[in-house]
Amino acid sequence: MNSETWVLKLHLDDIGLSSDRWISITPNKFGSNKSPAANRKVPLIKLLVSKSSDEQQEFVSEYSVIQSLLRQRKTSSKNKNIPLFFSGHDSRAKLRQSNISRVIKRLLNALSGDETIVTYNLRHSCISRMQCLFHCEQLQKIIEKGELKEILPYDYSDCLSIKEMLSTQNKRDTYWAIASFSGHSNPEVTFNSY
């Protein structure tokens, strides 16, 4: 399943209202997952913002507006099984993948100057960064010097916190946790894909 596909099939109840904003990725009437392993939860806020970031306060205030709108939409909607992102004025019609893919591809191409980048590159980048994050103890000195900021925009304590949070979903080992985060059935699938 493409990255944008699972985003498009999210419905209102897939977004938690807790401060960490866990997103549940599960099959629903808007789409299915490739396998049962793709059913997972992702801690949105923890992954988006470093608690030590200068931009955190700005992000939190912007996000509080989004949070208010989401809460308002959840409480005013009789049907919680409607798409989070919908097309036009029809809140029951999900956006079309081709439209989203086209917009994201254009943005990525404009930002990078590279015409070969596609939305799936974001997933590859994310999984590679997760591998660095899960090895943060070995990379501690480099992280603390800020030499990995382009790859890991978190401080060392954030890395540990995110690693712990994601490791609770699969306690076997680091590579099983990364596979679980990726929605893969095992680490071999992850390594063969990335």
**OP:** For residues that are of a type in the set (D, E, K, R) and surrounded by 13 or more Cβ atoms within 10 Å (Cβ to Cβ), scanning just region 150-185, find the one that is modelled with the highest pLDDT.
**Re:** K163
**OP:** Of the numbered conditions (1) at pLDDT 70 or above; (2) of a type outside the set (F, W, Y); (3) surrounded by fewer than 17 Cβ atoms within 10 Å (Cβ to Cβ); (4) touching a Lys or Arg at 6+ places or on another chain (Cβ under 7 Å), I25 fails exactly one; give the number of that condition.
**Re:** (3)
**OP:** List the number of the failed condition for S101; all other conditions in (1) among the small types (G, A, S); (2) within 20 Å of the chain's Cα centre (by Cα); (3) open to solvent by less than 60 Å² (accessible area, probe 1.4 Å); (4) within 22 Å of K46 (Cα to Cα) hold.
**Re:** (4)
Original post:
So which residues in region 127-141 are of a type in the set (A, V, I, L, M) and farther than 13 Å from Y154 by Cβ?
Top reply: I127
Original post:
Among the residues of region 128-135, is any outside any helix (DSSP H, G or I), more than 28 Å from D13 (Cβ to Cβ) and open to solvent by 40 Å² or more (accessible area, probe 1.4 Å)?
Top reply: yes
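The values are calculated or read from the model by the stated rules, or taken from the named source; none is laboratory data. Everything quoted here is computed from the prediction, not taken from an experiment. Backbone-built Cβ (ideal geometry, glycine too); neighbour counts: all protein chains shown. These area figures cover heavy atoms from the full protein model, side chains too; ligands, DNA and RNA do not enter into them. Shrake-Rupley method; radii C 1.70, N 1.55, O 1.52, S 1.80 Å.
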